[in-house]
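Presented below is the structure to which this report refers.
The values are calculated or read from the model by the stated rules, or taken from the named source; none is laboratory data. These numbers were taken from a predicted model, which means no experiment stands behind them. Here Cβ is always computed from backbone atoms with ideal geometry, including for glycine, and neighbour counts include all displayed protein chains.
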Amino acid sequence: MEPVIRVENLKKYFATPGGALHAVDDVTFSIEAGKTLGVVGESGCGKSTLGRTIIHLHESTDGKIFLEGKDITKLKGRELRAAREKMQIIFQDPYSSIDPRKTISSTVMEPLKVSGRYNRREIAEKTAELMGLVGIDERLRLAYPHELDGGRRQRVGIARALALDPKFIVCDEPVSALDVSIQAQVLNLLKKLQQDKGLTYMFVTHDMSVVRHISDDICVMYLGQVVEKCPSKELFAMPLHPYTKALLSAIPSTDIDNPTKREILKGELTSPINPKPGCRFAARCPFATEACEQPQVQEEVSPGHFVRCCRIREVN
Amino acid sequence: MAEKNPNTDRPFLDIKDLVVEYVSDGETVHAVNGVSLHLERGKTLGLVGETGAGKTTIAKSILRILPDVGAKICGGEVHLDGENLLELPEVEMRKIRGNKISMIFQDPMTALNPVQTVGDQIAEVVRLHLEHGDRTDPVERAKEMLEIVGIPAERFSEYPHQFSGGMKQRVVIAIALACNPDLLLADEPTTALDVTIQAQVLDLIADLRNKYNTAMLLITHDMGVVAQVCDDVAVIYAGNIVEYGTKRQVFKHPTHPYTIGLFGAIPDMNEDEEWLHPIDGLPPDPTNLPQGCAFSPRCPYATDECRKEAIKVYRTADGHDCRCCRIEAIAKKEG
């Protein structure tokens, strides 16, 4: 079956006074219908830009994007609008991503109005249905965002994303601004909606326990590149790339009897502006050698497990 | 308990029945409702809770840096080294801030002055707290502090925007530790940082605490951070401590339904579960707290007894506190 989303060698560079910033550099993957791809990495690694480029909030620099098998990379005007209805996004910050001067129901119904497919009665019906679906009480219909807590606001963002029955949703850190007890409510809701509607998610986050819970496959990004991609379970059981290993070991464990053995990385993310051709992690990598100064290729080391590291055999 | 002040019998930091209120729009926000805490030198106490639970207000009350308008410490005592800070005149308090007690703020992006070099910002604290006759050179001390937190001293004259987030937080730590404080208040010191940088910064804080025998109050919402760094843990909900004990007691035998719920809501790193277990409902409105136990509207074990009057603290034989009148019933149910 054709995957819902497929990207090939996708690149997004931003022009800066210092040169080209390689935010997304040569990313290739696909997501099957009804599955969740988790994208993890540290701030500035390009994970949000990747999500936004796929749904055309940024224009891609190079590479191809396929939605249900159809090349949508260069779509414009009416065709792009039609494609966009199938791709939605839920933003990180529920405080800034909904209009403070609009009531909750008018925020949720806006996509329905813009689509021009529904009359007033249908819009009212669908809005009520959407609010019920995400668990917002009917009496809050005319409330303003400031009257709601973060969890409910994020539910509004989810209802808005669902309005036009999308196939694919980019969830860009949707629970990072929420407290754990509320975070669990929203994660359960997203999972329930996925099961009921067969949605396909790309779930961008920096929280490893969240990504492990929600994803089928996981991409680990470092400075614009995917350094490792494999099924979720495999990533946690058998991480292969040195960066993934360090990332996993840095998570503070709540198990006080088995404190994590941390590999403390030296140094910090280097600049993504005009990066050198070699491995971008080499400067912080304890295993780096001269071979790492050459461009790295993505290699399938076992079925479905991709790693971008030339020293993988020596490291493991 | 070996290091108690010989003059009094008090722990090094001893907070008793602290009550803090804010007034906004004519309504009273009950931010902290009778909190008692204690902490010895060289130890770390984790203060855990959700947004709005009153964690930061407690830290700001210790330093007396609550906003002048609207906030009021209505009662309680804060003893440091035998001295009640809440009774000190402001002049005395100014000598203590940044010197005996210092604070690491959550957001390194806003805690630093963008138009002053990082070196100057460290030297400023040292200069302000120089004792009469002390010949310490503030600039030398600032350079030394930069090296201690892992930043080359050559970067003394650079501005905050030239540093990454993790480096900025290290500058904030250098400022906080420049005068070798006795008490360090760390308010979500790593929340704004990435995990690999968080690991570096937590290690750094722990090293410095051990070296200088500093007492540390660590405010966080991350149970993993608590597990790594703290000796004792206080769980706070709606301005009240609901559970208080050693790290082992709280992590191995969580007793209060809120603490149990909090652990249950975190996705498990070692087990696969289809659904998470959120705590139902929302934290209460602090202008209108429920009668009795503030957690009772969300608590699966609540009965009428919980909604009558303020709940007493129950203490087990080994000193594990829990503010819940249903612990026996819960212990039976949870097995």
Next on the checklist: I'd like the residue in region B:190-203 that is more than 7 Å from chain A (Cβ to nearest Cβ) and touching a Gly at 6+ places or on another chain (Cβ under 7 Å) and, out of all such residues, is modelled with the highest pLDDT.
Outcome noted: B:Val201
Next on the checklist: I'd like the full set of residues that are at positive phi and in contact (Cβ under 8 Å) with a residue 24 or more places away in the chain, limited to region B:116-151.
Outcome noted: B:Gly150
Checklist outcome for this item: Of the residues in region A:185-218, those that are among the acidic types (Asp, Glu) and at the interface with chain B (Cβ under 9 Å from one of its Cβ atoms) come to A:Asp207
Next on the checklist: Quick check on my filter: what residues within region A:167-184 are under 16 Å from the mean Cα position of the chain (by Cα) and either away from every other protein chain (no Cβ under 14 Å) or not aliphatic (A, V, I, L, M) (or both)?
Outcome noted: A:Lys167, A:Phe168, A:Ile169, A:Val170, A:Cys171, A:Asp172, A:Glu173, A:Pro174, A:Ser176
Item to check | Residues (at pLDDT below 80 and in contact with a helix residue (DSSP H, G or I) (Cβ under 8 Å, 6 or more places away or on another chain)) located in region A:251-264 | outcome: A:Pro259, A:Thr260, A:Lys261, A:Arg262, A:Glu263, A:Ile264
Checklist entry - Out of all the residues in region A:122-159, which are touching a strand residue (DSSP E or B) at 6+ places or on another chain (Cβ under 8 Å) and more than 14 Å from chain B (Cβ to nearest Cβ)? => result A:Gly157, A:Ile158
Item to check | Qualifying residues in region B:137-178 (those that are surrounded by fewer than 20 Cβ atoms within 10 Å (Cβ to Cβ) and under 20 Å from B:Asn213 (Cβ atoms)) - the one modelled with the lowest pLDDT | outcome: B:Ile148
Checklist entry - Can you pull out the residues in region B:193-222 that are within 17 Å of B:Ala174 (Cβ to Cβ) and among the hydroxyl-bearing types (Ser, Thr, Tyr)? => result B:Tyr212, B:Thr214
Item to check | Checklist (1) surrounded by fewer than 20 Cβ atoms within 10 Å (Cβ to Cβ); (2) in contact with a strand residue (DSSP E or B) (Cβ under 8 Å, 6 or more places away or on another chain) applied to B:Ala294, failing item | outcome: (1)
Item to check | Within region A:161-184, tally of residues that are in a helix (DSSP H, G or I) and farther than 15 Å from A:Lys197 by Cβ | outcome: 5
Item to check | Those residues of region B:240-295 which are within 7 Å of chain A (Cβ to nearest Cβ) and either among the β-branched types (Val, Ile, Thr) or in a helix (DSSP H, G or I) (or both), in sequence order | outcome: B:Lys247, B:Arg248, B:Phe251, B:Gly261, B:Leu262, B:Ala265, B:Ile266, B:Ile279
Checklist entry - Taking the condition out of contact with any strand residue (DSSP E or B) (no Cβ under 8 Å at 6 or more places or on another chain) and at pLDDT 90 or above, does A:Leu248 pass? => result yes
Checklist entry - Identify, please: which residue in region B:199-227 is of a type in the set (D, E, K, R) and surrounded by fewer than 18 Cβ atoms within 10 Å (Cβ to Cβ) and is, among those, nearest to A:Glu268 (Cα to Cα)? => result B:Asp203
Next on the checklist: Please determine whether any residue of region A:240-261 is away from chain B (no Cβ under 12 Å), over 21 Å from B:Thr196 (Cα atoms) and assigned to a loop (DSSP other than H, G, I, E, B).
Outcome noted: no
